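S.K.: Sharing a structure, written as C-alpha cells. Questions coming.
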Amino acid sequence: MKKTPAASTAGVLIALLTSLPLSVFAQAAAKPAAPNAPAAAKPAAPTAPVAAKPAAAKPPAAKPAAAAAAAATAAKANALGSGVAGGPLLTRDELRVCLKQEETIRNRITELETQREPLAAEKASIGVEQQAVRDERAKIEEFRKVADELGVRFKTYGTRVEALNARVAEFNASKRSGAPAERQRVEMNTEQAALVTERAVLEAERLRLSTQSEEIIRTYNANVNALELRVTDWNERNAKWADRSSAVESDRKGWLSSCSDRRYREDDETAIRKGK
C-alpha cells in the first residue's frame, strides 16, 4: 500500500522596509549681518556664520512585497489497491509507472524540504538586519533633532547681531559724548565681543555635526543598499523554490488522479520490486 507524498509549503517573499538614500545635512539659513562697533572704538566686526539646517530626508519607503507562492496543504494519504471492488486493475506496466512516479515525487519533496530550511534561516537573518537598519535610521533622526536645535541657536544669534547693529548705527549717528555715551559704547563693545565668541562656538558645533553626519549617513546608505541586494537575491531564489513546489504539487495531484484508488495484483508489485 503506497501513500501519496505530502505537498510542501511555499515560503513568503520578504518586503524590505528601508528608505531612499539620505542626503548629508545642508547649510540653508541666510547669513545674519555682522555686528557693527560704535564709532568711538571700533574693533573688527565678526562675520556671521551660516546656520546649519538638516536637509529634509524622505521617511523609509516600504518596498511592495511580491505575491507569496500558493501554499499547498498536505493531502490525505491515498493508497494503491484501495479502490472499489470490481474497479479497473492496474496493469503491471501501469503499476510500474505509478510506483516510479510516486518515488520520484517523494524524492522531489524531500529535496524541496531540504532547500526550504536554509531559506527560512536566511529570512530570519535578513529580518535581524532590517531591524538594525531601522535602528540606524532612528539614530539619524535623533541627530537631525540636534541639527535643528543648532539652527535655532544660529537664528537667535542672527537676531542679536541685527539688534546690536541697529543700536550701533543709532549711536554713531547721534554723535553723543560724555560719560553716559562712553558707558553705552563700552556695553556695545562688550556685547560685540560676546557675539564673536558665540559665533566661534556655533561654527565649531556646525562643523562637528556636518562631519559626523556625512559619515553616519554614508554608512547608513551603504547598509541599505547592501540589504536591498540581499533581499532581492533571496526573493528571486525563494520564487524559484515556490515554482518548483507548485510543479511538484501539480504532479502529485496528477498521480492521485491516475494512480490512487486503483487496484493491482500483489504479484505484479513483487515482480516489479525484483526488477521484472
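S.K.: Measure of size requested: the Rg and Dmax of segment 136-259, with Cα atoms as the atom set and Å as the unit; please supply both.
M.R.: In Å, with Rg to one decimal and Dmax whole: 33.1, 117.
S.K.: Still on this structure, please answer the following. What length, rounded to one decimal in nm, is gained on full extension from GLU103 through to THR211, with 0.36 nm per residue of separation minus their alpha-carbon distance? Spell out each step's value before the answer.
M.R.: Numbers: separation 108, 0.36 × 108 = 38.88 nm, distance 6.43 nm.
So the extension gain works out to 32.4 nm.
S.K.: Taking a temperature of 37 °C and a viscosity of 0.692 mPa s, what whole-number D in µm²/s does Stokes-Einstein yield for segment 195-250 with Rh from Kirkwood over alpha carbon pairs? The partial results should precede the final answer.
M.R.: Working: Rh = 15.3 Å.
Answer from the Stokes-Einstein relation: 215 µm²/s.
S.K.: So what's the gap between the Cα centers of segment 207-276 and segment 90-117, to the nearest angstrom?
M.R.: 19
S.K.: Could I ask something else about it? Want the number for ALA200 to LYS240: 0.36 nm per residue separation, take away the alpha-carbon distance, what's left? If you can, show how the numbers build up before the last one.
M.R.: Numbers: separation 40, 0.36 × 40 = 14.40 nm, distance 6.05 nm.
That pair, ALA200 and LYS240, stretches by 8.3 nm at full extension.
S.K.: Note the full-extension length gain between GLN131 and ALA181 as 0.36 nm times their separation in residues minus their Cα-Cα distance, in nm to one decimal.
M.R.: Full extension from GLN131 to ALA181 adds 11.6 nm.
No lab work stands behind these numbers, since they all come straight from the coordinates. What you see is a predicted model; the values in this text were computed from it and never measured.
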